[in-house]
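Q: Would you mind keeping the following structure in view while I ask a few things?
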Amino acid sequence: MIRPDIRHSCVDAVTTYVATHLLRARESSASEASSWFRTDAPSDELNAVLRLGGELHREIERMRDHFDGVPTCWHFWREIDPPDLPELLARQNLTLFETEPLMVFADGDSTSPKAVDRRALARIEEVSGEIGLAEWAALWSGADATAALVAGLRQGWELGSTRYLLWREQGEVLGCAAVVTSAAGASIEHIVTRADHRGRGIGTALTQRALELALDTDPVRVVLTASPQGAGIYRRLGFVTVGHVDRYA
């Protein structure tokens, strides 16, 4: 049995997570039956079923039809979703591919995240045009052909919800991040450091800068989901775990 206060914190964080993802695409929907967004980009991070409810088996089938042919990520929030949802997803040949903690910024004694070297933050730039967005997509995805990804990423940018950050040294892009804002709060997304430059603090600095931009909007809360590599960084910056998400594809 999950304690009511823990469940409440998780519900609030999921609400923010969902709200920020709905604003990343021109096509999205939120209802008691389901919440989802679709950019049509060739990435399951840019098309997702975020929540499911109601008659689950029918809604899963409806969403399968809706996203037919599009890479899609399906979310199961362990602490708050119906416990039979994983079995129903498996019946549709959807497979669990990752589990991540859901974290909320909780450093109430500070108006800004814990400091890193300000000189490091000077290497971070905000994407302001198509060339930068293509560079961001290439670093994030590792793909050579990025036009279709850029078309999906551009939607959140044009809708005014999403800001993309790059870490650049001597003309080379070595890291990326994104921050998404909504009326329900902000989320930090896609913290990636090029493999041959990990361990230098690039991810920490990008997270701090994204957090600063999020806090500048006076959000209700700031959320993220953490990879195994990033969880320790986020805890040091003031994030705490309030839940867990299983992702299926």
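Every number here is computed from the coordinates shown, using simple stated rules; none is lab data. Because the structure is predicted, anything quoted here is derived from the model rather than measured. Note that each Cβ is placed from the backbone with ideal geometry, even for glycine, and that neighbours are counted across all protein chains shown.
Q: What number comes out for the charge environment of Asp216, summing +1 per Lys or Arg and -1 per Asp or Glu over other residues with Cβ under 13 Å away?
A: The answer is -1.
Q: What distance in nm lies between label points placed 7 Å from Cα along the C-beta direction at Thr95 and Glu169?
A: Rounded to a tenth, the inter-label distance reads 3.6 nm.
Q: Highest mean first, what order results for 33-41, 91-99 on Cβ atoms within 10 Å?
A: Those peptides, ordered most packed to least, come out 33-41, 91-99.
Q: Now for a different question. Of Ala120, Thr162, Val240, whose Cα points farthest to the positive end of the dipole of the range 118-243 (charges on the beta-carbon: +1 Lys, Arg; -1 Asp, Glu; origin at the Cα centre)?
A: So the residue we want is Val240.
Q: Moving on to the next point. Once fully extended, how much extra length lies between Val70 and Arg194, figured as 0.36 nm per residue of separation less the alpha-carbon to alpha-carbon distance?
A: Gain on stretching Val70 to Arg194: 42.0 nm.
Q: About the Cα centre of the range 44-98, how large is the charge dipole given +1 on each Lys and Arg Cβ and -1 on each Asp and Glu Cβ? Please answer in debye to the nearest 20.
A: 80
Q: Sort 201-207, 140-146 by packing, meaning the average of other beta carbons within 10 Å per residue, with the highest value first.
A: Output ranking for 201-207, 140-146: 201-207, 140-146.
Q: Something else: With the Cα gyration tensor of the range 118-243 giving a ≥ b ≥ c as the square roots of its eigenvalues, does the rule (a/c under 1.5 for rounded; else a/b larger than b/c for prolate; else oblate) give rounded, prolate or oblate?
A: The shape class here is oblate.
Q: With unit charges on the beta carbon (Lys/Arg positive, Asp/Glu negative), name the residue among Ala33, Phe67, Gly142 whose Cα is farthest towards the positive pole of the charge dipole of the chain.
A: So the residue furthest toward the plus end is Gly142.
Q: What's the Cα-based Rg to Rh of the range 4-102, Rh via Kirkwood?
A: Ratio value, two decimals: 0.94.
Q: If you don't mind, there's one more thing I want to ask. How far apart, in nm, are two points set 7 Å out from the Cα along the Cα-to-Cβ line at Asp144 and at Ser31?
A: Label at Asp144, label at Ser31, 4.4 nm between them.
Q: Gaussian network model of the chain, Cα springs within a sub-10 Å range: biggest mean-square fluctuation belongs to which of Pro82, Pro42, Pro101?
A: Among Pro82, Pro42, Pro101, the largest GNM mean-square fluctuation belongs to Pro82.
Q: Taking a ≥ b ≥ c as the square roots of the Cα gyration tensor eigenvalues, with a/c under 1.5 meaning rounded and otherwise prolate when a/b beats b/c, else oblate, which class fits the chain?
A: oblate
Q: Round to the nearest 0.05 the FRET efficiency obtained for Ala151 and Ala106 when R0 = 45 Å and r is the Cβ-Cβ distance.
A: E(calc), rounded to 0.05, equals 0.80.
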